[in-house]
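To start, the structure itself, in structure tokens.
The values are calculated or read from the model by the stated rules, or taken from the named source; none is laboratory data. This structure is a prediction, so every number in the text was calculated from the model and none was measured. For neighbour counting, all protein chains shown are included, and Cβ atoms are generated from backbone atoms with ideal geometry for every residue, glycine included. For accessibility, only protein heavy atoms count, side chains too; no ligands or nucleic acids. Shrake-Rupley method; radii C 1.70, N 1.55, O 1.52, S 1.80 Å.
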Amino acid sequence: ELDRIPVVFARLLRHAGIDMPAGATAQFARALAATGAETRDAVYWAGRATLIRRHEDLGDYDRCFDALFLGTSPTGAADASLRAVTVGLDVPGVDSDDAVTSDAGDDPVIQVRYSRAEILRERDFASYTPEEHAEARRLMADLRVHSAMRRSRRTKPTTRRRGRPDLRCTVRRSLASGGEPIVRAFREPAERSRRLVLLCDVSGSMEPYARALARFLHSAVVAGSRVEAFALGTRLTRITRELSSRDPDVALAAAARRVTDWSGGTRLGDGLKTFNDVWGLRGMARGAVVVILSDGWDRGDAALLAEQMARLSRVAYRIVWVNPLKASEGYEPLAAGMAAALPYIDEFVEGHSLAALEQLNTVLAR
């Protein structure tokens, strides 16, 4: 079946030693849905465009493709584990999520099941079971959050023949030529990451998503030194120090003790005013990437929220609003708080799943 092809083929490629990112299988499935699998060339190029990242892997890719779709025997040392292998789909009586081997006749059989990691990437956080939250915690630990880069006041050596002269390096090189500065050295401005400020709504309306988003905040805080995290409910609470522990369970427990209004009401305007008055005046938001994770449901004054968003937009480099409800079919930002904040937002993205958070990371690093 068409929906089984991506899982089987990706499994064979990994057996052959080809390194692929976690989302490559889902990308291959979407590519097949768009191109169809009626012709060999369509399947070949859909897989090659989504599964291969290095030119060195093309030979292994061709051999695995021929082995699976044409029934040939793969050759080469990298494909030794694939010799005379029959792929069995929908084998009854097997509950494992990964491929297992068993003896069936003379040839080993690979019994393939869907990967839970691929399913969880697209599933809405609100529909997670406790076991799936535990699985997603391990996947979230591998997520690396990166902020946008900016030019630093510090400089670094450069191979370009222009820029700021590096006198110290030039003099040092001249020692090899009798004191004559034949080869001149230059320096250019270095880059450093912008400060990342995360404001996470922990009100009652965000309860289905707050647990997963709090783990995203923890991953961001432990990944970089220029990250600040706040909980936003009826008041604003800074939780950067609580989330700095490497153990996510310890960090989230400390944050829960610190935030007294968890699963309470929502006063986004008052919380942003506190941030602008107390933290913004200290320069925390100036030139920073500010991320607000909220569904936009606000019990406070919408005019106050619009005023504070305008203040924030004048000093922040970029404002990104992450709304888990945006992925819902037919969603429109009609809530008073969301409508008031929308004119001052640079990026309006989803945040309902692991795949959406991975896309958010791409947006932040832009």
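Here are some notes:
- Test for Y61: is it at pLDDT 85 or above, open to solvent by 20 Å² or more (accessible area, probe 1.4 Å), over 25 Å from the mean Cα position of the chain (by Cα) and hydroxyl-bearing (S, T, Y): no
- For segment 17-54, a residue qualifies if it is over 21 Å from the mean Cα position of the chain (by Cα), closer than 29 Å to A141 by Cβ and modelled with pLDDT under 85, and the qualifying residues are G17, R54.
- For first residues located in segment 29-42 and closer than 17 Å to D62 by Cα, partners that are exposed (fewer than 15 other Cβ atoms within 10 Å of the Cβ) and at pLDDT 85 or above and lie 6+ apart or on another chain with Cβ distances below 7 Å do not occur.
- Unique residue being within 25 Å of L342 (Cα to Cα), without any contact (Cβ under 8 Å) to a residue 12 or more places away in the chain, open to solvent by 30 Å² or more (accessible area, probe 1.4 Å) and not hydrophobic (A, V, I, L, M, F, W, C) when the list is D277, D249: D277
- Residue match in segment 215-229 (condition: crowded, with 23+ Cβ neighbours inside 10 Å, modelled with pLDDT of 95 or more and either under 22 Å from A335 (Cα atoms) or within 22 Å of the chain's Cα centre (by Cα) (or both)): yes
- When segment 191-213 is limited to residues that are open to solvent by 10 Å² or more (accessible area, probe 1.4 Å) and either of a type outside the set (K, R) or free of Cβ contacts under 8 Å to residues at least 60 places away in the same chain (or both), the one that is farthest from E135 (Cα to Cα) turns out to be E191.
- Members of segment 138-160 that are assigned to a loop (DSSP other than H, G, I, E, B) and either open to solvent by less than 80 Å² (accessible area, probe 1.4 Å) or in contact with a Phe, Trp or Tyr (Cβ under 7 Å, 6 or more places away or on another chain) (or both): L143, V145, S147, A148, R160
Residue-by-condition table, conditions (1) in contact with a strand residue (DSSP E or B) (Cβ under 6 Å, 6 or more places away or on another chain); (2) in a helix (DSSP H, G or I); (3) over 16 Å from E122 (Cβ atoms); (4) not small (G, A, S):
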residue: D19; (1), (2), (3), (4): no, no, yes, yes
residue: Q27; (1), (2), (3), (4): no, yes, no, yes
residue: T50; (1), (2), (3), (4): no, yes, no, yes
residue: G59; (1), (2), (3), (4): no, yes, yes, no
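- Qualifying residue in segment 343-357 (condition: of a type in the set (F, W, Y) and either in contact (Cβ under 8 Å) with a residue 40 or more places away in the chain or closer than 21 Å to A214 by Cβ (or both)): no
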